[in-house]
Amino acid sequence: MKNKLAKLKYLPNHFKILDEGDHVICAISKKMIKLEDLNYWNVELQEPYYSYKEAFIKNENLINKK
């Protein structure tokens with residue numbers, strides 16, 4: 001299943017595959033993230049992040065909006 005976007009449900013310590021695929025797209029950088037490399041996401045917003053840097057940026061943006 002190459003180059004198919006997966007649909008996931010992000011849970012606190014893992015994710016559940018809702019629609020089979022091999023990657024997701026980072027909510028911040030729009031980079032492709034292979035499922036085997038996916039380590040960062042936001043459960044409340046249901047968003048994946050490419051790395052801790054993008055997760056940090058998102059968190060900072062949320063804090064600054066308050």
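The values are calculated or read from the model by the stated rules, or taken from the named source; none is laboratory data. These numbers were taken from a predicted model, which means no experiment stands behind them. Neighbour counts run over all protein chains shown; Cβ positions are idealised from the backbone, glycine included. Heads up: the accessible areas ignore ligands, DNA and RNA and are worked out on the full protein's heavy atoms, side chains in. Shrake-Rupley method; radii C 1.70, N 1.55, O 1.52, S 1.80 Å.
Taking first residues from region 4-17 that are within 12 Å of Pro48 (Cα to Cα) and partners that are open to solvent by less than 100 Å² (accessible area, probe 1.4 Å) and basic (Lys, Arg), the Cβ contacts under 7 Å between residues at least 6 apart in sequence or on separate chains come to Phe15/Lys9. Is one or more of the residues making up region 21-29 open to solvent by 90 Å² or more (accessible area, probe 1.4 Å) and either modelled with pLDDT of 95 or more or of a type outside the set (Val, Ile, Thr) (or both)? Within region 21-29, not a single residue is open to solvent by 90 Å² or more (accessible area, probe 1.4 Å) and either modelled with pLDDT of 95 or more or of a type outside the set (Val, Ile, Thr) (or both). Total residues in region 34-57 satisfying the condition of being crowded, with 18+ Cβ neighbours inside 10 Å and over 22 Å from Lys4 (Cα atoms): the figure is 2.
One residue alone among Ile17, Ile63 is open to solvent by 60 Å² or more (accessible area, probe 1.4 Å) and part of a helix (DSSP H, G or I), and that residue is Ile63.
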